[in-house]
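One structure below.
The values are calculated or read from the model by the stated rules, or taken from the named source; none is laboratory data. Treat the numbers as computed from the prediction; the structure is a model and nothing was measured. Neighbour counts are summed over all protein chains in view; Cβ atoms, including those assigned to glycine, are modelled from backbone coordinates with ideal geometry. Surface areas here come from the heavy atoms of the whole protein model, side chains and all, with no ligands, DNA or RNA. Shrake-Rupley method; radii C 1.70, N 1.55, O 1.52, S 1.80 Å.
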Amino acid sequence: KELISIRKETLGLFDLDTAVSLNNLSVVYTAMSVSHFQKSLDLIKEVVKIKTQILGKFHPSTIRSVSNMAVTYWKLKEYDTALSNLEMVLEFRTQVFGMNHPDTILSLNNLGVFYWRTGNYEKGEEYLSLMIQLREKVLGERHFQTLNTCGSLGRLYIEIEEFLMGEMLLKRVVD
């Protein structure tokens with residue numbers, strides 16, 4: 001906190017080094033406990049504001065911070081706000097990088113897992129299935145990220161009692 005205060009005094013609020021320090025403290029708060037999530041959110045909002053002003057809303061670093069903010073909203077169980085931020089991140093990354101870029105694919109993964117974990121299994125399945133297709137195309141069938149997504153979709157299928165589909169995907173991960 002002291003470092004951030006010094007940076008704000010010395011460099012001003014709208015400085016990338018200040019934003020990095022704020023972001024680092026936000027990560028610490030998120031890792032600590034649920035009671036610190038609001039502090040984390042307040043900091044990451046400030047980071048997004050700084051990066052948007054300096055770098056613009058389509059800069060990869062700004063988009064990454066919006067993604068971090070979405071996850072923090074998710075942890076706070078503010079699902080509507082989390083979802084709108086996750087969707088915005090996907091839209092921005094698609095515009096900036098295209099659909100086959102690893103960052104865009106990661107955004108699809110985040111949406112798929114969000115839908116799955118919040119009980120919308122149909123949308124979760126849709127996004128995770130698309131993720132597998134894209135990761136196979138971009139990274140290959142045996143890449144660890146492709147297999148991680150297979151594992152996620154496999155667990156989703158087990159949760160909805162689609163045991164054969166779940167088993168097939170989970171076997172793929174361990175084979």
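Segment 98-175 and segment 32-54 have Cα centres spaced 29 Å apart. Quick check: the angle from helix 2-11's long axis to the longest principal axis of the chain, C-alpha only, nearest 10 degrees? In the chain, helix 2-11 runs at an angle near 60 degrees to the longest axis. Site pair residue 165 and residue 136 shows an inter-label distance of 1.5 nm when each label is modelled 7 Å from Cα along Cα→Cβ. In the chain, the longest principal axis of the Cα atoms and the axis of helix 102-117 are about 70 degrees apart. Summed over the residues of the chain and divided among them, the accessible surface reaches 54 Å² per residue at a probe radius of 1.4 Å. In this rough spin-label picture, where each label sits 7 Å from Cα along the Cβ direction, the residue 80-residue 101 distance is 3.1 nm.
Computing the accessible area with a 1.4 Å probe over protein heavy atoms, can you report the carbon and sulfur percentage for the chain?
Whole-percent figure for carbon plus sulfur exposure: 55.
Taking a ≥ b ≥ c as the square roots of the eigenvalues of the Cα gyration tensor of segment 86-160, is the shape rounded (a/c under 1.5), prolate (a/b larger than b/c) or oblate? Oblate shape, in that a/c is at least 1.5 and b/c is the bigger or equal ratio. Ligands, DNA and RNA aside, residue 99 has an accessible area near 80 Å² when probed at 1.4 Å.
Before anything else, pin down the relative contact order of the chain: Cα pairs under 8 Å, at least 6 apart, normalised by residue count, whole percent.
Relative contact order, the chain: 11 percent.
When Rg and Dmax of the Cα atoms in Å is calculated directly from the model, which label among (1) 27.1, 118; (2) 18.1, 60; (3) 19.8, 68 fits? The value matching this structure is (2).
GNM remark for the chain: springs join alpha carbons under 10 Å apart, and the peak mean-square fluctuation among 127, 73, 29 falls on 29.
Taking a Cβ cut-off of under 10 Å around residue 107, the surrounding Lys, Arg, Asp and Glu residues balance to a net charge of -2, with basic ones at +1 and acidic ones at -1.
Ordering 89, 124, 50 by the projection of their Cα atoms onto the charge dipole of the chain, which places +1 on the Cβ of Lys and Arg and -1 on the Cβ of Asp and Glu, puts 50 at the extreme positive end.
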